[in-house]
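Chemist: Questions regarding the structure given below will be posed in turn.
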Amino acid sequence: SAPLPHRTIAVAAGDGIGPEITQAVLDVLRAADPALSFAPVTVGLEAYRAGHAAGFDRDTIDAIAEHGVILKGPITTPQGGGYKSVNVSLRKTFGLYANLRPCVAYHPFVATHHPGMDVVIVRENEEDTYAGIEHRQTDEVVQCLKLVSRPGCERIVRYAFDYARLHGRRKVTCMTKDNIMKLTDGLFHRVFDEVAREYPDIAAEHMIIDIGTAKMAVDPTRFDVVVTPNLYGDILSDVAAEVAGSIGLAPSANIGRECAMFEAVHGSAPDIAGRDIANPSGLLLSAVMMLVHLGRGAAATAIHNAWLRTIEDGLHTADIHGAHSRERVGTRAFAQAVVAR
Ligand code: NAD
């Protein structure tokens with residue numbers, strides 16, 4: 001096949017284990033897709049300390065806007081100060097409306113109660129109570145605005161159905177609480193039903209979020225793609241990742257109209273930073289999602305297969321070491337094993 005065109009990606013190594021897992025992932029990306037180059041930007045503690053309250057500076061914004069994608073290591077959120085969340089700020093700056101989290105079981109190599117689980121949560125990423133619009137009414141009463149728009153609902157629901165079609169998935173489940181929030185969640189549900197009619201090839205169902213989350217915990221293999229408003233999606237996607245048994249392996253994508261950000265679900269793990277023992281898999285699988293997003297399917301497949309083979313060969317970092325491990329490897333050795341495969 002023809003060589004892929006050159007493409008530059010903004011890369012933020014982040015804090016804690018961020019620099020080591022980012023280096024590991026770049027080693028694998030360079031081996032699989034030599035036409036990629038990387039533009040380093042500073043996001044996280046270093047940016048905060050330099051006085052950028054959002055945790056990133058103008059150069060970072062320019063680089064993301066120019067290159068269209070950023071691969072981001074985890075950030076340590078300073079405690080006790082009035083710092084904003086870097087993720088929420090980046091989502092707002094770049095209109096990253098879709099948060100995509102695949103939750104996959106890697107039975108038997110990573111312990112799980114649900115072999116065969118393979119769910120993708122599509123979470124609305126800009127609206128709902130997560131817009132953070134709060135105010136004080138009186139000394140004893142505070143209020144949060146739950147903002148839901150028809151264009152916002154249409155965008156995310158359409159994204160979920162398009163994603164399902166593109167990835168050969170068969171069903172989209174919508175979860176809301178529209179029996180109680182008849183206007184806001186009611187709009188999300190109504191738009192879901194309208195858009196679903198345009199995708200007769202994909203099954204569509206709606207569940208109330210509480211029973212849906214309960215079912216995700218005990219019977220996750222009944223789900224395929226799930227689309228849900230922001231706050232519910234935040235909670236549901238953590239439940240689903242934990243149920244899959246692999247929260248440390250879980251990748252995520254934040255997709256916008258012009259830009260996208262890819263990062264692992266886990267945090268900066270300061271307790272193990274600098275020891276070459278962190279698992280780079282969450283960020284590596286996020287990089288695979290990035291390659292798919294960029295239309296570089298061959299490189300994505302090569303890396304995903306090599307990663308699966310490494311896991312199947314029992315080369316495991318300490319966090320997933322268990323009955324099916326053959327050898328405990330560090331961050332660098334794990335990345336080299338993936339490159340070799
Ligand atoms: P964490 O995910 O960093 O760590 C939880 C536990 O999992 C720790 O024991 C850690 O050692 C382990 N762990 C996490 N990632 C691992 C990996 N790749 N390999 C092996 N073990 C791993 O969660 P936390 O301790 O609650 O948070 C630490 C910092 O990360 C906080 O400042 C938090 O705000 C931040 N955080 C950032 C993001 C992000 O940038 N997207 C997400 C979550 C948390």
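The values are calculated or read from the model by the stated rules, or taken from the named source; none is laboratory data. All of these numbers come straight from a predicted model, not from anything done at the bench. Ideal geometry is used to build each Cβ from the backbone, glycine not excepted, and the neighbour counts take in all protein chains shown.
Chemist: With respect to the numbered conditions (1) under 18 Å from the mean Cα position of the chain (by Cα); (2) among the charged types (D, E, K, R); (3) more than 26 Å from residue 144 (Cα to Cα), which one is the sole condition not fulfilled by residue 234?
Modeler: (3)
Chemist: List pairs: first in region 195-219 and touching a residue at least 40 places away in the same chain (Cβ under 8 Å), second of a type in the set (Ser, Thr, Tyr), Cβ under 7 Å, 6+ apart or cross-chain?
Modeler: Once the first residue is touching a residue at least 40 places away in the same chain (Cβ under 8 Å) and sits in region 195-219, no partner that is of a type in the set (Ser, Thr, Tyr) comes close enough.
Chemist: Considering only region 50-61, I want to know if a residue exists there that is at pLDDT 90 or above and of a type in the set (Val, Ile, Thr).
Modeler: Scanning region 50-61 turns up at least one residue that is at pLDDT 90 or above and of a type in the set (Val, Ile, Thr).
Chemist: Still on this structure, I have one more. Any idea which residue in region 62-88 is nearest to the ligand (Cβ to nearest atom), counting only those that are at pLDDT 85 or above and assigned to a helix (DSSP H, G or I)?
Modeler: 64
Chemist: Kindly establish whether residue 278 is within 19 Å of the chain's Cα centre (by Cα), within 14 Å of the ligand (Cβ to nearest atom) and more than 23 Å from residue 236 (Cα to Cα).
Modeler: Against the criterion (within 19 Å of the chain's Cα centre (by Cα), within 14 Å of the ligand (Cβ to nearest atom) and more than 23 Å from residue 236 (Cα to Cα)), residue 278 qualifies.
Chemist: From the list 338, 292, which residue is part of a helix (DSSP H, G or I) and without any contact (Cβ under 8 Å) to a residue 24 or more places away in the chain?
Modeler: 292
Chemist: What are the pairs with Cβ atoms under 7 angstrom where one residue, in region 1-29, is closer than 20 Å to residue 292 by Cβ and the other, located anywhere, is away from the ligand (no atom under 15 Å from the Cβ) and assigned to a loop (DSSP other than H, G, I, E, B)? Sequence gap at least six, or different chains.
Modeler: From region 1-29, the pairs are 3/35; 4/33; 4/35; 4/296; 5/35; 6/35; 7/35; 7/294.
Chemist: If we keep just the residues of region 166-183 that are among the basic types (Lys, Arg) and surrounded by 15 or more Cβ atoms within 10 Å (Cβ to Cβ), which is nearest to residue 125 (Cα to Cα)?
Modeler: 177
Chemist: Only one of these conditions is not met by residue 268: (1) among the hydroxyl-bearing types (Ser, Thr, Tyr); (2) under 25 Å from residue 78 (Cβ atoms); (3) without any contact (Cβ under 8 Å) to a residue 24 or more places away in the chain. Which number is it?
Modeler: (3)
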